[in-house]
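Report on one structure; see the data block that follows.
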């Protein structure tokens with residue numbers, strides 16, 4: 001942790017995003033190891049510049065808003081207590097999730113027959129799938145958990161967590177004044193002769209499309 | 001990528017549009033020069049995004065000029081190229097070849113076989129130039145083919161395979177400090193594109209009984225436009241990585257593509273669709 005990452009980049013605290021990018025690029029050019037072969041001071045400076053940039057771009061997370069990629073590590077432990085009458089598999093899956101063994105958690109959850117799957121089951125499956133990179137299935141499952149038990153704060157929090165990058169994207173879209181495009185207006189002049197061939201090449205895979 | 005990762009022309013300044021168009025012209029020129037006239041038949045705008053992003057991050061030397069070409073004989077066009085244009089031309093050629101090969105195997109489509117033969121030796125050249133990336137592409141496409149053929153019920157599986165392919169595409173220097181960020185960016189962008197394509201095709205895939213990754217989670221009545229939330233998560237993941245890169249050059253143009261252009265086909269598809277009456 002650097003006390004004042006902005007100072008390392010020669011900036012005042014709270015400098016704009018553009019200033020940070022500019023300062024970082026200028027310093028990285030100056031101290032890059034390719035420009036300073038064998039120079040230990042330059043190498044140390046480069047490390048500091050990199051660390052400062054990373055710290056500004058990804059501020060250290062608090063436990064209430066943990067980083068995506070390890071989204072539930074911080075607060076999960078505090079929340080959960082076993083519920084009465086829940087299947088042993090769900091209880092076991094909760095332990096696996098707590099231990100961050102998400103593949104194990106899913107294997108355990110799979111043993112619960114479909115008609116016995118509660119909101120808690122979907123919640124644990126959502127956390128596990130999200131952590132394993134199965135974003136779409138994880139999103140489906142957390143929505144299901146929230147629909148089954150709308151008053152549960154932990155489920156709502158997990159949903160917010162899973163949606164956080166998408167919410168940030170929407171905010172940035174507003175800030176940059178982008179509100180979605182319409183293909184009928186966005187066509188660039190693609191070379192017509194090639195268009196014909198590209199159309200032929202379309203199949204079920206993400207294909208060669210032209211608007 | 002394949003036709004989805006394109007700019008929203010209605011929101012570009014004149015300078016941005018010129019920069020974008022001339023990057024595309026540079027790619028077309030490079031394809032002709034390095035991979036022969038046939039390779040240009042498979043030219044895509046998506047590769048323009050790859051060139052712009054890598055050029056912005058690494059700021060290589062660019063050469064530029066103006067010329068008339070066969071497709072636009074009347075009006076001379078500006079072009080610019082960097083070392084990444086050459087890379088994008090190789091990837092464009094390799095991907096076109098893999099895809100035609102795949103189509104031919106799937107459908108026994110003779111036209112595709114002719115295309116593949118046309119491209120084969122050129123794709124070989126691209127593969128020799130970039131063996132690491134092409135190796136990942138081949139393995140990912142093989143995995144994807146298997147997943148689609150077996151109609152995997154896990155919705156993310158195919159998208160993850162396609163994401164791996166796209167992730168590697170953005171990694172030009174594997175030992176660079178930004179390699180992992182680029183790979184994660186490409187992975188999420190690839191997932192987004194895969195599901196975007198699936199959302200746009202959901203209806204027609206159902207009718208033809210074809211595999212669609214949303215089918216496993218979509219109730220009978222669900223339509224492609226119901227998945228905007230899912231798609232936003234994925235592009236959100238990609239853009240989060242994108243915004244950590246120290247980019248300055250062409251940043252507004254790149255943002256135009258990621259925040260607006262990528263939705264063009266989706267918005268177009270679902271605006272045209274007739275609205276069903278409420279029950």
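Residue A:36 passes all but one of (1) surrounded by 11 or more Cβ atoms within 10 Å (Cβ to Cβ); (2) modelled with pLDDT under 95; (3) closer than 30 Å to residue A:160 by Cβ; (4) touching a helix residue (DSSP H, G or I) at 6+ places or on another chain (Cβ under 6 Å); which number fails?
That leaves (3) as the condition not met.
Scan region B:259-271 and tell me whether some residue there is surrounded by 19 or more Cβ atoms within 10 Å (Cβ to Cβ), in a loop (DSSP other than H, G, I, E, B) and either in contact with a helix residue (DSSP H, G or I) (Cβ under 9 Å, 6 or more places away or on another chain) or at the interface with another protein chain (Cβ under 9 Å from one of its Cβ atoms) (or both).
Yes; the residues of region B:259-271 include at least one that is surrounded by 19 or more Cβ atoms within 10 Å (Cβ to Cβ), in a loop (DSSP other than H, G, I, E, B) and either in contact with a helix residue (DSSP H, G or I) (Cβ under 9 Å, 6 or more places away or on another chain) or at the interface with another protein chain (Cβ under 9 Å from one of its Cβ atoms) (or both).
Let me confirm something: among B:96, B:88, which residue is assigned to a helix (DSSP H, G or I), facing another protein chain (nearest Cβ under 9 Å) and either surrounded by 22 or more Cβ atoms within 10 Å (Cβ to Cβ) or under 15 Å from the mean Cα position of the chain (by Cα) (or both)?
Answer to the check: B:96.
So, of the residues in region A:171-191 that are modelled with pLDDT of 85 or more and within 7 Å of another protein chain (Cβ to nearest Cβ), which turns out to be nearest to the chain's Cα centre (by Cα)?
The qualifying residue nearest to the chain's Cα centre (by Cα) is A:172.
Working only within region B:122-180, note down all residues that are surrounded by fewer than 15 Cβ atoms within 10 Å (Cβ to Cβ), within 14 Å of chain A (Cβ to nearest Cβ) and not in a helix (DSSP H, G or I).
B:151, B:153, B:173, B:175, B:176, B:177
Listed residues B:19, B:29, B:40; which is at pLDDT 95 or above and either surrounded by 20 or more Cβ atoms within 10 Å (Cβ to Cβ) or part of a helix (DSSP H, G or I) (or both)?
When all the criteria are applied, what remains is B:19.
The values are calculated or read from the model by the stated rules, or taken from the named source; none is laboratory data. Worth saying up front: this structure is predicted, and the values here are computed from it rather than measured. Note that each Cβ is placed from the backbone with ideal geometry, even for glycine, and that neighbours are counted across all protein chains shown.
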